[in-house]
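Colleague: First the structure, which I've put down as structure tokens, then a few questions once you've had a look.
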Amino acid sequence: MDGIDLADLGFWARPLEERAAAFAALRRLDRPPHYAEVEIPEMEAFGFRRGDGQYALVKYADVAEASRRPEVFCSSRGTVAGTLDPPPEFMEYFGSMITMDDPRHARLRRIVSRAFTAGVIARITGAIDAAAVRIIEDFRPKGGGDFVAEVAGRLPLKIICDLMGVPEDKHDRVFELSNLIVGSLDPEYVPDLAEIGPSVIAAGEELRQMVYDLAAERADKPEDDLTSVLMAANVEGESLTGKELGSFFILLIVAGNETTRNATAHGLDLLTRHPEQRALWMSDFERYAPTAVEEIVRYASPVTFMRRTVTRDYELGGHTFKDGDKVLLYYCSANRDETVFTDPDTFDITRDPNPHLGFGAPGPHFCLGAHLARQELTVMFRELFRRLPEIRATAPPERLTSAFINGIKHLECAF
Ligand code: HEM
């Protein structure tokens, strides 16, 4: 176990195969490992609080059980995206439903989930198709370049912005701000550690202001977009307050963009490195699409973990947790658990069943955008195979330095 320290950012910069091997070793332990929390004095100076450390749930069964028991493994004490608990002004912007427990969480989820059912997503499929075609056709004359900036990052951004009604000339700015929020520990986005707190708060404020402006316009003149729907009371008289709308928008931007973009980029990288899987998928796109998309999400696990905080004594995985313990649910490890998946390190687009936890495990916080993400991935690879059948990654991915998101910042490609 020497040399495996999940709290050390250096661990997350290691090659993905090494990371996977480290988690395989951790899964062989008879209890969840514990690590001291990362020390970033600049963030503590800004009000982030370090605690007594973090436990890692690395086995599938443990991650699933913690997700099923939100009354014990709760989401409302601190952040779910890290271990250092943020200062209160952060929660102004990032205190959305993902950091709530029922009944507050259930109320918000009820209001917003109407916009994300499989039926609603099926209705916007035409718009997703048209957006993907335009993105690819805009890219074609360039003959290649950075797949993330030109293709993978564009579709989820456009779909969420269009859903919310954000005007097109603001889409690039939304992209920059969401990069900054998720990539704040990567020097490409925030070079000075002392600037992390202020930059992330400023990004939150700018996004919130954007949706406030939109909301003000829609109050006078409602349109056929999510902002109008969320502001209007529904039959049960439930609607979002202005503050809730602001933090929900920020959650959607971050949760919907970064994840799907990374899944798409990992997809191209994986298909380049596994030409036999690519040939198989291209031989009958529709037949393999459902399982291929799930396998990309399992294999890439774009969200590495979510955190929970323990509310009372509870025994899980050979350990008795105590009130206040911080527990990280490592989806990346659960998704390679050899007791659930045959040959878990093999990328197999025909894998079925594939009960991966890439969108979270069954529980109240299961990914709200899972249908949308699956649809975007399917449409993007369908159009890529159709329009740029030669496309491949030409260099190893340039990865994001992050313990939370398995991100690809840049991926050179050619066709
Ligand atoms: C491949 C793409 C995606 C992945 C891997 C992913 C993954 C996740 C994960 C792991 C969670 C937490 C689950 C839990 O705590 O139990 C989550 C929650 C969430 N996701 Fe996604 N997601 C993706 C795409 C999207 C999209 C496209 C949207 C919306 C447009 C979205 C919106 C959300 C929201 C709002 C939550 C919070 C739900 C709640 O707290 O009730 N996600 N997602």
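Colleague: Below 29 Å, Cα to Cα, which lysines can residue 158 reach? Residues fewer than 8 away in the same chain don't count.
Modeller: 142, 170, 221, 243, 409
Colleague: In whole Hz, with x marking every Gly and Pro, tabulate ³J(HN,Hα) for the stretch 400-406 from phi via Karplus 6.51 cos²θ - 1.76 cosθ + 1.60, θ = phi - 60°.
Modeller: In residue order, the calculated couplings are 6, 7, 7, 7, 9, 10, 7 Hz.
Colleague: Here is a follow-up. Using 7 Å Cα-to-Cβ label points, what is the residue 370/residue 209 separation (nm, one decimal)?
Modeller: A separation of 3.8 nm, rounded to one decimal place.
Colleague: Can you tell me the relative contact order of the chain? Whole percent, Cα pairs under 8 Å, sequence separation 6 or more.
Modeller: 26
Colleague: While we're on this one: Could you tell me what percent of the accessible area of the chain is made up of carbon and sulfur, with a 1.4 Å probe and every protein chain present?
Modeller: 54
Colleague: How high is the FRET efficiency between residue 342 and residue 172 when r is their beta carbon distance and R₀ equals 45 Å, given to the nearest 0.05?
Modeller: Efficiency computed from Cβ-Cβ geometry: 0.55.
Colleague: Round to the nearest 0.05 the FRET efficiency obtained for residue 352 and residue 142 when R0 = 45 Å and r is the Cβ-Cβ distance.
Modeller: Calculated value: 0.75.
Colleague: What ranking, highest mean first, results for peptides 137-145, 152-160, 72-80, 8-16 when packing means the other Cβ atoms within 10 Å averaged over each residue?
Modeller: 152-160, 72-80, 8-16, 137-145
Colleague: Two decimals, Cα atoms only, Kirkwood Rh: what is Rg/Rh over the chain?
Modeller: 0.94
Colleague: A further question on this structure: Any idea how far apart residue 5 and residue 149 come out in nm if each label point goes 7 Å out from Cα toward Cβ?
Modeller: Those two pseudo-labels are separated by 3.5 nm.
Colleague: At R0 = 51 Å, how high is the FRET efficiency between residue 313 and residue 202 if r is their beta carbon distance? Nearest 0.05 is fine.
Modeller: Computed FRET efficiency for residue 313 and residue 202 comes out at 0.80.
Colleague: Moving to a separate point now. Show me the ranking of peptides 363-375, 284-296 by mean Cβ neighbours inside 10 Å, starting with the highest.
Modeller: My ranking of the peptides, most packed first, is 363-375, 284-296.
Colleague: While we're on this one: Could you pull out every residue, at least 5 positions away or on a different chain, whose amide H is within less than 5 Å of the one on residue 305? Hs are placed 1.01 Å off N in the peptide plane, and Pro or chain starts have none.
Modeller: 331
Colleague: Also: Say each of residue 221 and residue 323 gets a label point 7 Å from the Cα, pointing the same way as Cα to Cβ; how far apart are those two points in nm?
Modeller: 5.5
Colleague: Compute the relative contact order of the stretch 270-336 as a whole-number percentage, counting only Cα pairs closer than 8 Å that sit 6 or more residues apart in sequence.
Modeller: After rounding, I find 28 percent.
Colleague: Measuring with a 1.4 Å probe in the full set of protein chains, what accessible area per residue, in whole Å², belongs to the chain?
Modeller: Here the per-residue accessible area is 42 Å².
Colleague: Just subtract the alpha-carbon distance of residue 284 and residue 127 from 0.36 nm times their residue separation and send over the number in nm, one decimal.
Modeller: 54.2 nm
Colleague: Kindly rank 169-180, 327-338, 29-40 from highest to lowest mean number of other beta carbons found within 10 Å of each residue.
Modeller: Ranking, from highest mean packing down: 327-338, 169-180, 29-40.
Colleague: Please compute the length gained on full extension between residue 273 and residue 50, using 0.36 nm multiplied by the number of residues separating them and subtracting their Cα-Cα distance.
Modeller: The residue 273-residue 50 span can extend by a further 76.3 nm.
Colleague: Could I ask something else about it? State which helices in the chain qualify, where a helix is a whole DSSP H run, it must extend 20 Å or more along its own axis by its Cα atoms, and its mean Kyte-Doolittle hydropathy must be at least -1.0.
Modeller: The qualifying helices are 125-139, 196-220, 242-273, 285-300, 370-387.
Colleague: Got the relative contact order for the stretch 306-395 handy, in percent, Cα pairs under 8 Å and 6 or more residues apart?
Modeller: 16
The values are calculated or read from the model by the stated rules, or taken from the named source; none is laboratory data. On a predicted model such as this, the values are computed, not experimentally measured, just so you know. Cβ: placed from backbone, ideal geometry, glycine included. Neighbour counts: every protein chain shown. Keep in mind that these areas ignore ligands, DNA and RNA; they rest on the heavy atoms of the full protein, side chains included. Shrake-Rupley method; radii C 1.70, N 1.55, O 1.52, S 1.80 Å.
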